[in-house]
Structures are given as C-alpha cells and as structure tokens.
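Structure record follows, encoded as structure tokens.
Laboratory data are not the source of any read-out in this text; all were calculated from the coordinates shown. Since the structure is predicted, the reported quantities are computational estimates derived from the model, not experimental observations.
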C-alpha cells in the first residue's frame, strides 16, 4: 500500500477550548497513539487532510507522518484510525492516528468492490442485494489492499457469493464467517409473491344441495285438516 506523506505539528492547547482555537486557525486537532511511544496531541492543516480524505474515501489510508516541533518530533507510519465529523456542518472535527509496525500484522476494514454485470439480472424482476460492503482483513501494513474485487458476471438468479468464495491478495487473510453472504441475486419481494398468488386455486362458493324428499318429509307437521297416517298416534297423546 502507498504511504502518503503528511506533516503535522505538535499542539500545546488541548481540551474543548484548545481544539476550538486550533480549528479557527485552519487546522484539525488530532492525536497519535499506539506502539511503544506515548500519545501525542498534534494538529494537521485542514486543507491537506480534507484533500486526502476525499481522494481515499472508504479506504484504509497509511501515512508516513512527520511531526514538527516539541520533544515528540520524529517520523513514523500510522493508519488513519478514526474521523469525527461535525453533526450539522459535516466538517472534520478531530482525527485519530494509530502507529503501526511494518513487521506486524494488523486488522483493518477493506471495502468490497462489485465488478461486472450479473447474468441473473437479465431476467425480468431480478435484483442484486449486496449484503457485505466491507470486510476485515489481517495483513502487514504494506499489503493492505485498497479494496477486495468481487466479480459477479456469472452470478445467476437465486445464487450467492460467500466470504469463502472471495479471492484475497497474497499475504491477506480474513477471520470473517466463511459462510456469510457477500452478494446475491433474487426476485424482489413482490415478484416472489406473484407466482404463488397466481397458482392458488380460487375458492369456489359452497353449493347447498336440495335435500331429498324423504328428508324433507321427516319431522314435518301434517297440513291443517289432514288426517294422521294409519296407526299414528294423535299429537299430544290426546284420547279418542
């Protein structure tokens, strides 16, 4: 990985008031920590850092930092570990630099870059879902990749690419779940439901058939004035 040259200055003012003064002077307050050396409060020219951040958005950036001023001066390699933004203005408020050793592996997040046009997307209603947009890798600082390329050209409908399918550069490994889905092709939810709905048989209205005449007669009262059938007892047990 390319090392970006960056010059910073030590700063004596710390705390909220000190950080505000640094920003008003056109700098961004920062801290450098990690390794065997103590943490150092520094400031970096705003226009320099913002230009670098814009050019490498989403990437892990390795710096060769030169510290000017004070007893903490010197040169070292560091990662841009964290950026804090203003909640309203979205401007950089503070940054953290992590010292690294070029001889020791480190874990860093690396973005996943989708390449190609999936064959499955040629089918009407198909959509691609990217489940993993970055992956944490282990490697030496010099081997940090800018991104991990994922070729989806041959990815068909109802198929997926998993972490175990990724082609990592030499010297780079990951401890992520090998069965985790990176990207998949499927129908949209509405498209999935449509075939099932079309295949369902329409419910037929219940048909109540006419009862047989024998069932109609059973339990029916005789019409007024009709004589009871032979041998039948009068209703209510009436005496003759």
Divide, for the stretch 107-197, the radius of gyration over alpha carbons by 2.2 N^0.38 Å, where N is the residue count.
1.25
Just to compare against my own numbers: the Cα pair-distance distribution for the stretch 3-100, 5 Å bins, whole % per bin, please.
3, 13, 26, 28, 19, 10, 2, 0
Count the DSSP beta bridges whose two residues both fall in the stretch 3-100, then state the antiparallel fraction as a percent rounded to the nearest 5.
65
For the stretch 66-153, what log10 I(q)/I(0) values come out of the Debye formula at q = 0.17, 0.25, 0.26 1/Å, with one point per alpha carbon and no solvent?
-0.93, -1.20, -1.24
